[in-house]
Amino acid sequence: MAALSAWFWNERFWLPHNVTWADLADPAPGVEYPKAGHLFSALPLALGIFAVRILFERFIAGPCASFLQIQTELSRRAQPNAVLEKVFTSITKSPDSRHLEGLSKQLDWDVRKVQRWFRHRRNQDKPSTRTKFCESMWRFTFYLYIFTYGIHFLWQSPWMWDTRQCWYNYPYQDFLIMFIHHLATISLISFSYVNNMLRVGSLVMCVHDSSDFLLEAAKLANYAKYQRLCDFLFVVFGILFFWTRLIIYPFWILNTTLFESWDIIGPYPSWWLFNILLLVLQVLHIIWSYLIARIAFKAIMRGKNWFVFSFSHWLEGCSCLSASVLIELFRSFR
C-alpha cells in the first residue's frame, strides 16, 4: 500500500522541477498551501448545500411557483397490473413490437392498450412542471451567486487581467481566499487543487459559470409560459455560451495553460495531463455548441418556440453512462 501511495503521489508527476511536497508542507508563517486532505471538507459542505436546497425549494421556489400559477399536473395513472409493472421495472420501459405482441397475448389485451399502459406508466415517473420549475429556480440562484462571487473575487486579482500571473512563483501561491470556491466543485477541479493550479482554475470556473444561470432563467420563463422572455433569455444564453466556450476559453484559457505556462514554469507530467483534460473539455464545447445550433436551426425552420424545451430536455435526458460522465466533467471543471 505504501508503494502504491508513493507511486501515485510521485513528485515528478505532480510538481514542476525542483519542487517537492516538503516545500509545500512547511510554508512561511501566515501562509498555507492546499493539501489533498482539504478536499474531504467538501463532504459536509455538500450536505449543507443539499439542506439549503431543500429549504429553498420549499419556502421560496414553491411559493413563487404558486404565485405564477404553476401547479402539479394530474397525469393519468396506469391501472395496476403486476405483469406489466414487472416488465416496466425490470426489463424495459419502452417495449418493442415483439414484447408488445407477447404481452398482448399473455394478458388478452389489444396491443394499443398495452402501448397506452406503458405510456401512462412512463408519464407517472416524469417530474411535474412545478417540480422542474423549483429545481431550475434553485440552479438559477446557485449559479448566479457562484458567478457573481467569482467575478467579485477575480476583478481584484491580477491574473484576471494578465494570465501570466497564474504561473509566476508557482506553486507557492496562497489558497485561503479560493478554498471555499474550490470546495463547490469535484473531480477535475480536485486535480487543479492538489497541485495548486488555483489561479487558472478560478478563471476556468468563471468562464463556465457565466452562462449557466441564463439557461435556468430561460427554463423558468418557459415553465411560467412567458414565451417572449424565454426566447430572449435563451438567445442571450446561446450568444454567451458560444462566446465563452468557442472564443474566450480557447484563446484566453488554453493560451495561458499551453503557451504562457510553458514559457514560465515549463512542462512536467501532470502539466500534460492537465492540458489534455482542458483540450477534451474544448472538444465537448464544440459538440455542445453544434447540438445547440442544430436545435436552433430546427426551431427556426419549423417556426415553433421549442428551443428551450428541446435543449433542456436533451440535458435532462442524458442518462447513459458516457453522457453522464461528460456532463460531470463539464460541471466539475467549472
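The values are calculated or read from the model by the stated rules, or taken from the named source; none is laboratory data. This one's a predicted model, so the numbers in the text were calculated from it and none came from an experiment. Cβ placement follows ideal geometry from the backbone for every residue including glycine, while neighbour counts extend to all protein chains displayed. Please note that ligands, DNA and RNA were not included when accessible areas were found on the heavy atoms of the full protein model with its side chains. Shrake-Rupley method; radii C 1.70, N 1.55, O 1.52, S 1.80 Å.
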Could you please find all residues in segment 218-277 being more than 26 Å from Y290 (Cβ to Cβ), open to solvent by 50 Å² or more (accessible area, probe 1.4 Å), assigned to a helix (DSSP H, G or I) and not aliphatic (A, V, I, L, M)?
-> R228, F259, W262, D263, P269, W272
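Checking the condition modelled with pLDDT under 85, touching a helix residue (DSSP H, G or I) at 6+ places or on another chain (Cβ under 9 Å) and aliphatic (A, V, I, L, M), which residue from L246, L229, L198 passes?
On the way: L246 fails: modelled with pLDDT under 85; L229 fails: modelled with pLDDT under 85.
After ruling out the rest, the residue left standing is L198.
This table checks each residue for (1) more than 27 Å from the chain's Cα centre (by Cα); (2) in a loop (DSSP other than H, G, I, E, B); (3) closer than 27 Å to T131 by Cβ; (4) among the polar types (S, T, N, Q).
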| site | (1), (2), (3), (4) |
| --- | --- |
| F40 | no, no, no, no |
| L45 | no, no, yes, no |
| F50 | no, no, yes, no |
| I60 | no, no, yes, no |
| F88 | yes, no, yes, no |
| S94 | yes, yes, yes, yes |
| G102 | yes, no, no, no |
| R112 | yes, no, no, no |
List pairs: first in segment 137-152 and closer than 13 Å to L214 by Cβ, second part of a helix (DSSP H, G or I) and hydroxyl-bearing (S, T, Y), Cβ under 7 Å, 6+ apart or cross-chain?
-> F147/S210
